Amino acid sequence: MSLWVDKHRPKDLLKLDFHKDQAVRLKSLVQQSDFPHLLVYGPSGAGKKTRIMCLLRELYGSGVERLRQETMHFTTPSNKKIEIMTVSSNYHIEVNPTDVGIYDRVVIMDLVKNVAQTHQIDSSGQREFKVVILNEVDDLTKDAQHALRRTMEKYVATCRLILIANSVSRVIPAIRSRCLTIRIPAPTESEVCSVLQTVCKKEGLTLPSELALKISKCSDRNLRRALLMCEACKVQQYPFKADQKVPEPDWQLFIKETASMILSEQSPKKLGEVRQKLYELIIHGVPPDMIFAGLLKELVINCDMAMKCQVASHAAMFEHRMRLGNKAIFHLEAFVAKFMAIYKKFIEESVGDAF
Amino acid sequence: MSKSIRSYFTVIKKQTTKIADDDSDIIPESPEIRVKKKKQTKKRRIEDSDEEIFSPKKKKVDTEQKSAHISPKLKEVTITDLFGSGKIKKTESLVVKNKSEKQTEIGIHSDEEFEQSLLELDTIDYISPGKVKSHKDNQEKDIAPDEPKSNKDVPKVKISPPQLSLTEDKREVKPKKHHQTETKLKEKNDKRTDNDQNKNSKKQNKNDKIIEIADDDEHDEKVIGHKINNSSVVEKPHAINKSKIRKRDLSSFLEEDDDHDTSFKKKKHDDSLNESALSDQERHERKRLSASLYQKYLNRTGPKNLGAKEIPEGAPDCLKDCAFLLTGVLDSFEREEIIDAITKYGGSVKSSVSKKVTHVLAGEDSGPAKTAKAESLGIKIINEDQFLNMITELSKKNKNKKSNTNDKPNIKIKKSDKNQSPQDEKSKRNHEKTTKDKSKESLNDVKKEILVSPTATITLKNDKSVSLKNPIKKERSVSPKANITLKNDKSVSLKNPIKKERSVSPKPKIKKEILDSYGKLKTKKSEEEVEQIDNVDNSSRDASLMWVDKYKPQSIKQIIGQHGEASNVKKLINWLTKWYVNRKAKLPKPNPWSKNDDGGYYKAALLSGPPGVGKTTTVGLVCKELGFDTVEFNASDTRSKNLIKEQISELISTTSLSGYAKGVTGKQAVTKKHVLVMDEVDGMAGNEDRGGLQELISLIKSSSVPVICMCNDRNSEKMRSLVNYCYDLRFSRPRVDQIKAAMMTICFKEGVKVPGDVLSQLISAAGQDIRQTLHLLSVWTADPTLTEHDKLQKEVQRVKKDIKMGPWDAIRKVFSAEEHKTMSIIDRSDLFFTDYSLAPLFVHENYPQVVPHCPKHEVLDRMSKAVDSISLGDLVDSRIRSNQAWSLLPLQAMYSSVIPGQQLSGHVGGQIQFPSWLGKNSRANKMSRLAQTIHAHTRLSTSGSKSSIFLDYSSHLRDAILNPLIKDKNEGILKSLQVLEEYHLLRDDLESLTELSLWPGQRNPSILIDAKVKAAMTRTYNKQASALPYAPGAIKKAKHLDTDENGLEMDAEDDLENDSDPENDLLIKKKKMKDLEKASSSKEKPQSSKGKGKKTK
């Protein structure tokens, strides 16, 4: 018994619930029996992967749904043996090169070459190319991205690459220009609501529209999250109530907690406590940029407009530094300290004004 | 050489005969002089009255002895013999001649004169009562010198004026080494006033003197005499030393002389000392005297003319090799001043009379016991002025030593010393010629003059003394010198007239001095050469050695800090001696915590301790002492498994023939007593020594000889296996004062002056490393500018800086406002470089604890600036690591350490924490690994990326699995298993999921599950053979590999960071261990629950 999010995943391009015009365009794209390299990008929970799988099904038929997992072995130039888990069907292979960290270049070079160099044996009624799906391309190292660009041109006859990314900003322009970029925006709140309603209908449940809206707002327009939350709500309490409490993800709660700590007291001692919270967030795999975003969102609530700008600009600056640097905690803490300094001054001034 | 002496003697013999002829000329002595003499003696008498009371008999006895001495038969028993250990045999013939004359003298003298002469004799023969101590130095000296010198002459002079001159002359001419002091000369001069008056001699020289002396009052005389005295005394030490040390046998008269010199002060005590048997009365007298002395000591005043004189500027180390004993109250210096001066010039001050003491510096009221002992040891007793002269003389000597290297040092010295001396030299030579001519014409006259003239005698004697000394020195020294002296000797008779002629010059006394010093310098020179040769011998050997080797302990006792009963040396000796016995007696393995283990069980000893505390030295000396031959292997030898097996085991089983090499013969020469010394065992690592330690251990197990291993860090990973087979001897650093004492000795030996406090600082700066301390000291001595206290102190500071600092110490300094005051920006960035990989982490970890010294409202502002800088530092760090741009490190130092330190300049409020980033980072890595596994497993049914597992799936999946179990208990099992199957999750993944989704402050939902339900669920899970898209075994393997992979990742990260920091490595290991534990525990858990389930069934 799968979770709703996986159970009710659409499998056909035309059955997709939103961005239907885009789905139609994609269908016409593959009907020409060929397509260029694709770079699919959009926020998490917008349905990138779902859309791609639909596309592949359109291209190869239901055979792509017969998936198997394989572990592939590679040897780095420094004689280090690395393994990577791949998901493949007869027609495509999906890999997440960032799993091997800095050795992603090796994976890309070897794997893509392997796949591209082998021709389809049974080409009757089949496509002449295989598809390689690379996940999280924006997290690839620069080396790997450069390795990719040559391969893309060289083996274009035998393989197509579908690159999936959250944002193209960290994909090098050389790759961007070699691909057809497809942006998949996050569904709007109403779209999320409609999806939730359809899912609930399929499950035989009635979902009050207020609750659906509440969930969609809470989920940050992330459909996956919305569906998971919805299911969690059902587990929590059924039949649904319109004013039912929507369980927020723990990490979001935690960020909020941290933010309130920062607002409650500005002192070096508090800074030390905040640090522990930040560490906890990082340990639990919350991406630091999301921590930044979450904190900023919470912290600016109490600020006046001028300060909001100031804080936001600082957050942006430290977030940028975080990306350039190694240790996220340094930059998070720097931001927190900065905010504390600004906020304390602001408070003192306002108190001073009051008297 | 001896020939030269003989030839000298023969010349003199001839002279004596001549003198005998001239007796009549010289005989007359002025009554004035006599009166003077009498006065003096009377004075003395008055002063000496106590003694006279109790020792008249003695004196008589002594005089008898004296006469006996004079008589040829009893010659052997003379007191001079006893004291001078003299071999008068050499001069026998002369003595015999004297004797006949003396006998006649004795026969002639009148009663009154006899009494006086007896007195004199007494003083000469040490039996004369000591002078009362209240005598001033000057007085003492004034009177004293004439006694020893004229020991036999003076009485004779008084006995019979006509004969006096005769004997005197003879004396003078005699080759005896009697050193003539100027007082004597004066006396003679005085006497000669008679002569002159009577004879109307032509000599202007004498006239001058006469005039002078006649005009001078007593005091002046004293002063002059004193001056001369000083110079002569300065000369004497050398004569004495030489004679004592080198030619005791050759020149007994010299010693005699010395004895006279040294003894003139405390005759009384000589008396008491020399008299083996004392009468009761005498004892009582002595007691009384000592009591009175003590009273005097109690009441004694300070220096009378404090500040009247100044201590002359001397060359540094001019008093080197001199050891002084101070006694009594000096005339114009405080005791401390003198001590300071002595130490300043490299001499040492002793507190008691011993053989080491070279000079006794006696003042007024000097301790009789000390002086007496000094006399008995033949130590020179000098007074204040002599001491001052000594400084100037010796420093001059030092200078000359440096400047003179060729064969004409004498002349040069003269030039530098005295203006007149070159003239002297010339005139002497000229006169050698002229006198040769003259001598033919009026040889008799000239000779008379010579003999009469005091200057002549002086030169004569000096020359003689020189000639006597030189031959011996010539054994080593350059021979030309000897020739020169010989020449002088020969020319003595010829030279004298010159002086008479030259006596026209207004400063006859100075001339005397010059002459004195001439001889003096010569002797000195030759002495120096001997010393130099000695030094060359030694220094050529020593100069090439480092101090560490030069002053290496030669015996066990010399090892610093190893004297106690429980010291390692004792333990090692004990262990080594009992080794063979212990092998037979099978001892149980001792408790590792037992304190008084003698290591009998162990076949090997492991000496561990920091470098430079004497481990190797200890082993070497202990083995030497116990007669073991050492077979040593240290880090410079390859000590791989094979080599140890083949070479060392062979070496150990052989017998040693080293005894033959040492000259031991017979059975003892061949020994089977070996010790295998494995030095620096902690250095047995790397490819070279692969398997060496294991082989060493097996060698120890099978060894038939003792094995001694040495290492620095006993607790290091490498030593862990070896430690179990070794008797543990830990060397700790010796205390500072222990090292300091030894260092002081060495400094003294090297003539280096390092203040005590600086030395202690140096030792502690070097971390009580004896070797390093020695090296530093020897470096200091190489730098001549390092003499001032302040400079040395600075140097110590510099040394301190080189000592390694840990990050804990460094981080305190980074934020310390105090330290910032004295530190430059470079110094501060150096703090970062104590460990550039850890320092930024330390700074980041500890900055919130810092209490900056600034207004309170600024604190947060500063703090934010500090972190801002830290975050910039991280950017630099990332650039450094990714681009290998190590040249950016100084920039990182600024951002990550210096700027935060400056912003938060204050003090660290709490304990310095170890950077938590390292731990947190590894935890984060672990979590991401878990997420990755789940991601991989659920890949087929989910679409999201790894972070979506973290953020969204983990908690919902967990709930989907656990909630049915919690709510429906056993009925929910199927439901939850369905979820697992759907997502292709393994049982283990459930644990990971709970871990991933658990936040601090939350309750672990799996606790809510009934243990029975859990067990049932596991059972059903195991029963079900669910089809997985991946091979679970492979996955398990993959999981392990996964961890490996993660390890690799970590390694990669490390590579990225180029982080050689061991902590990181350790963390990786720990983490792996944890993982394994986790894995095993998670595996065990179901099993145990299974067991429970069975039980319940």
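The values are calculated or read from the model by the stated rules, or taken from the named source; none is laboratory data. Quick caveat, the model's predicted, so the values are computed rather than measured. Don't worry about glycine lacking a Cβ; one is built from the backbone with ideal geometry, like all the others, and counts go over all protein chains shown.
So which of A:Thr86, A:Thr98 ends up being assigned by the TED database to the domain that holds A:Arg51, buried (at least 17 other Cβ atoms within 10 Å of the Cβ), more than 15 Å from A:Leu38 (Cβ to Cβ) and in contact with a helix residue (DSSP H, G or I) (Cβ under 6 Å, 6 or more places away or on another chain)?
A:Thr98
Looking at (1) within 14 Å of chain A (Cβ to nearest Cβ); (2) modelled with pLDDT under 85, find the lone condition where B:Ile1009 falls short.
Going through (1) within 14 Å of chain A (Cβ to nearest Cβ); (2) modelled with pLDDT under 85 one by one, B:Ile1009 breaks only (1).
Of everything in region A:198-245 that's assigned to a helix (DSSP H, G or I) and of a type in the set (S, T, N, Q), which residue is modelled with the highest pLDDT?
For region A:198-245, the residue satisfying everything is A:Thr198.
Of the conditions (1) buried (at least 17 other Cβ atoms within 10 Å of the Cβ); (2) modelled with pLDDT of 90 or more; (3) within 26 Å of the chain's Cα centre (by Cα); (4) within 13 Å of chain B (Cβ to nearest Cβ), A:Lys256 satisfies every one except a single condition; which number is it?
So A:Lys256 meets the others, but not (1).
Scan region A:293-314 for residues that are crowded, with 16+ Cβ neighbours inside 10 Å, within 21 Å of the chain's Cα centre (by Cα) and within 13 Å of chain B (Cβ to nearest Cβ) and report the count.
Qualifying residue count for the region: 1.
Determine, yes or no, whether B:Lys920 is surrounded by 18 or more Cβ atoms within 10 Å (Cβ to Cβ), under 29 Å from A:Tyr279 (Cα atoms) and at pLDDT below 85.
Answer is no for this residue.
Among the candidates B:Lys701, B:Lys718, single out the residue that is surrounded by fewer than 19 Cβ atoms within 10 Å (Cβ to Cβ), within 18 Å of B:Ala604 (Cα to Cα) and modelled with pLDDT under 80.
Selected residue: B:Lys718, the only one of B:Lys701, B:Lys718 that is surrounded by fewer than 19 Cβ atoms within 10 Å (Cβ to Cβ), within 18 Å of B:Ala604 (Cα to Cα) and modelled with pLDDT under 80.
When you scan region B:956-976, do you find a residue that is surrounded by fewer than 19 Cβ atoms within 10 Å (Cβ to Cβ), assigned to a loop (DSSP other than H, G, I, E, B) and more than 10 Å from every other protein chain (Cβ to nearest Cβ), even just one?
Checking region B:956-976: not a single residue is surrounded by fewer than 19 Cβ atoms within 10 Å (Cβ to Cβ), assigned to a loop (DSSP other than H, G, I, E, B) and more than 10 Å from every other protein chain (Cβ to nearest Cβ).
Can you find, within region B:960-987, the residue that is nearest to the chain's Cα centre (by Cα) among those that are under 13 Å from B:Thr1018 (Cα atoms) and β-branched (Val, Ile, Thr)?
Only one residue fits best here, namely B:Ile961.
Filter region A:211-236 for residues that are of a type in the set (S, T, N, Q) and within 22 Å of A:His19 (Cα to Cα); which is farthest from the other protein chains (Cβ to nearest Cβ)?
A:Ser216
Pick out the one residue from B:Ile391, B:Ile413, B:Ile382 that is buried (at least 19 other Cβ atoms within 10 Å of the Cβ), at pLDDT below 50, among the aliphatic types (A, V, I, L, M) and closer than 24 Å to B:Pro312 by Cβ.
B:Ile413 is the lone residue from the list that is buried (at least 19 other Cβ atoms within 10 Å of the Cβ), at pLDDT below 50, among the aliphatic types (A, V, I, L, M) and closer than 24 Å to B:Pro312 by Cβ.
Residues checked against (1) within 13 Å of another protein chain (Cβ to nearest Cβ); (2) over 30 Å from A:Ser190 (Cα atoms):
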site	(1), (2)
A:Ser2	yes, no
A:Val24	no, no
A:Lys27	no, no
A:Val30	no, no
A:Arg66	yes, yes
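When A:Asn90 is evaluated against the numbered criteria (1) within 12 Å of chain B (Cβ to nearest Cβ); (2) without any contact (Cβ under 8 Å) to a residue 40 or more places away in the chain, which criterion, by number, is the only one it fails?
A:Asn90 satisfies all of (1) within 12 Å of chain B (Cβ to nearest Cβ); (2) without any contact (Cβ under 8 Å) to a residue 40 or more places away in the chain except (1).
May I ask you to list pairs of residues, at least six apart or on different chains, whose Cβ atoms are under 9 Å apart, with the first in region A:305-324 being not assigned by the TED database to the domain that holds A:Ala337 and at pLDDT 90 or above and the second being buried (at least 16 other Cβ atoms within 10 Å of the Cβ) and assigned to a helix (DSSP H, G or I)?
Sorted first by the residue in region A:305-324, then by its partner, the list stays empty.
I need the full set of residues from region B:825-884 which are within 13 Å of chain A (Cβ to nearest Cβ) and hydroxyl-bearing (Ser, Thr, Tyr), in order please.
B:Ser837, B:Tyr847, B:Ser864, B:Ser869, B:Ser871, B:Ser878, B:Ser882
Determine whether A:Leu271 is over 21 Å from B:Arg862 (Cβ atoms), modelled with pLDDT of 90 or more and crowded, with 19+ Cβ neighbours inside 10 Å.
In short, no.
Among the numbered criteria (1) at the interface with another protein chain (Cβ under 10 Å from one of its Cβ atoms); (2) buried (at least 22 other Cβ atoms within 10 Å of the Cβ); (3) of a type in the set (Asp, Glu), which one does A:Asp104 miss?
Failed condition: (1).
Do we have any residue at all in region B:932-950 that's more than 27 Å from A:Ser89 (Cα to Cα), without any contact (Cβ under 8 Å) to a residue 60 or more places away in the chain and outside any loop (DSSP other than H, G, I, E, B)?
Checked region B:932-950: no residue is more than 27 Å from A:Ser89 (Cα to Cα), without any contact (Cβ under 8 Å) to a residue 60 or more places away in the chain and outside any loop (DSSP other than H, G, I, E, B).
Give me the residue from region A:4-22 that is of a type outside the set (Lys, Arg), in contact with a Cys (Cβ under 8 Å, 6 or more places away or on another chain) and within 14 Å of chain B (Cβ to nearest Cβ) and, out of that set, surrounded by the fewest Cβ atoms within 10 Å (Cβ to Cβ).
In this case the residue turns out to be A:Pro10.
Can you tell me which of (1) in contact with a helix residue (DSSP H, G or I) (Cβ under 8 Å, 6 or more places away or on another chain); (2) facing another protein chain (nearest Cβ under 10 Å); (3) at pLDDT below 85 is the one B:Arg939 doesn't meet?
(1)
Can you pull out the residues in region A:278-292 that are surrounded by fewer than 20 Cβ atoms within 10 Å (Cβ to Cβ), more than 7 Å from chain B (Cβ to nearest Cβ) and under 17 Å from B:Met927 (Cα atoms)?
Hit for region A:278-292 is A:Pro288, nothing else.
Please tell me if B:Ser997 is within 11 Å of chain A (Cβ to nearest Cβ), within 21 Å of A:Pro43 (Cβ to Cβ), of a type in the set (Gly, Ala, Ser) and buried (at least 19 other Cβ atoms within 10 Å of the Cβ).
When the stated conditions are applied, B:Ser997 does not pass them.
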